[in-house]
1. How large is the dipole of the chain about the Cα centre if only Lys and Arg carry +1 and Asp and Glu carry -1, each at its Cβ, rounded to the nearest 20 debye?
2. Can you work out the accessible area per residue across the chain, with the rest of the protein chains kept in place, probe 1.4 Å, in square angstrom?
3. Between [x] 29, 19, 17; [y] 38, 19, 15; [z] 23, 22, 18, which entry matches semi-axes √(5λ) of the Cα gyration tensor in Å as derived from the coordinates of this structure?
4. Expressed as a whole percentage, what fraction of the accessible surface of the chain belongs to carbon and sulfur atoms when a 1.4 Å probe is rolled over the protein heavy atoms?
5. Rounded to the nearest 500, what is the chain's calculated 222 nm mean residue ellipticity when only DSSP H runs of at least 4 contribute -39500 (n - 2.57) each, over all residues?
6. Taking H as built 1.01 Å from N, whose amide H comes closer than 5 Å to the amide H of Gly193, not counting residues under 5 places away?
7. Among all helices in the chain defined by DSSP H, which have a length of 20 Å or more along the axis from Cα atoms plus a Kyte-Doolittle mean of at least -0.5?
8. Once you've got the Cα coordinates, tell me which of Lys41/Lys117; Lys177/Lys207; Lys173/Lys207 are over 19 Å apart.
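The values are calculated or read from the model by the stated rules, or taken from the named source; none is laboratory data. What you see is a predicted model; the values in this text were computed from it and never measured. Quick reminder, even Gly has a Cβ in these numbers, built from the backbone with ideal geometry, and neighbours come from all protein chains shown. Ligands, DNA and RNA are excluded from the accessible area calculation, which covers all protein heavy atoms including side chains. Shrake-Rupley method; radii C 1.70, N 1.55, O 1.52, S 1.80 Å.
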Amino acid sequence: MTLHPAFSDHGRFCTTWLGNDTNLLASGKAEYIDKFIASCKEAVEVAKRTNCKQYTVVPGDFVRNLPIGIQTGNVIEDIKKGTAIIEPHGLMIVLEPLSDNPDLFLRTPDQAYAICKAVGSPSCKILYDMYYIQRNQGNIIPTLNWVYDEIGYYQVGDNPGRNEPGTGEINYKNIFKLIYDKGYKGVVGMEHGNAGAGKAGELALIKAYREADNFI
């Protein structure tokens, strides 16, 4: 479903104009805070149209002339401003650690966990994308256990290749069992491509998920 100015996978959405390299929430500069606040207000309207309740936020790039603690404090204060807008509407910001490039500020789940704890709102949680986590640090199951109470949403993609489970090195059967045993009932997003082309590739993807989901 394509929306303007956001897109949705029926579980969460993100604005198309709050990207990694155009966003410096860690800087504390008013121009970026204002853009973020505007995006939160727009998120409320998008949620009304789509009935989606989770809004992906990426703080953007690391700021090289500021200490990491100052940047973290800036992001915390910015997210607090955002949750003040969306929380009354029952929405949730999900912060996504990424591995796209080394310039990004938010890269690990424990970093996102500290921010969520400091924000202290049910409207600020972690987007636990296992593809990115595997690329950045691995140790997916122990890390998931450490930060579980601040996870709001999961995304799937195997590594290397960023395709369906079973095409890389991540043991998704064990991960899905852990999430199931913990009682998670929300959406799990398929944030990846298909290893194979055409109908055969689509059937292989469905088979891969059935195999990964066969843990009981």
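1. On the way: 22 positive and 25 negative charges, 82 e Å.
That gives a dipole near 400 debye.
2. Numbers: 10170 Å² over 216 residues.
That works out to 47 Å² per residue.
3. Given [x] 29, 19, 17; [y] 38, 19, 15; [z] 23, 22, 18, the calculated one carries the label [x].
4. On the way: 5320 of 10170 Å².
Carbon and sulfur: 52 percent of the exposed surface of the chain.
5. Values: 7 runs with 91 residues, N = 216.
-13500 deg cm²/dmol, from helical runs alone.
6. It is Asn163, by chain and number.
7. Values: long enough: 30-50 (29 Å, -0.15); 68-86 (27 Å, 0.45); 198-212 (21 Å, -0.14).
In the chain, the long hydrophobic H runs are 30-50, 68-86, 198-212.
8. On the way: Lys41/Lys117 23 Å; Lys177/Lys207 17 Å; Lys173/Lys207 13 Å.
Checking Cα-Cα distances, Lys41/Lys117 exceed 19 Å.
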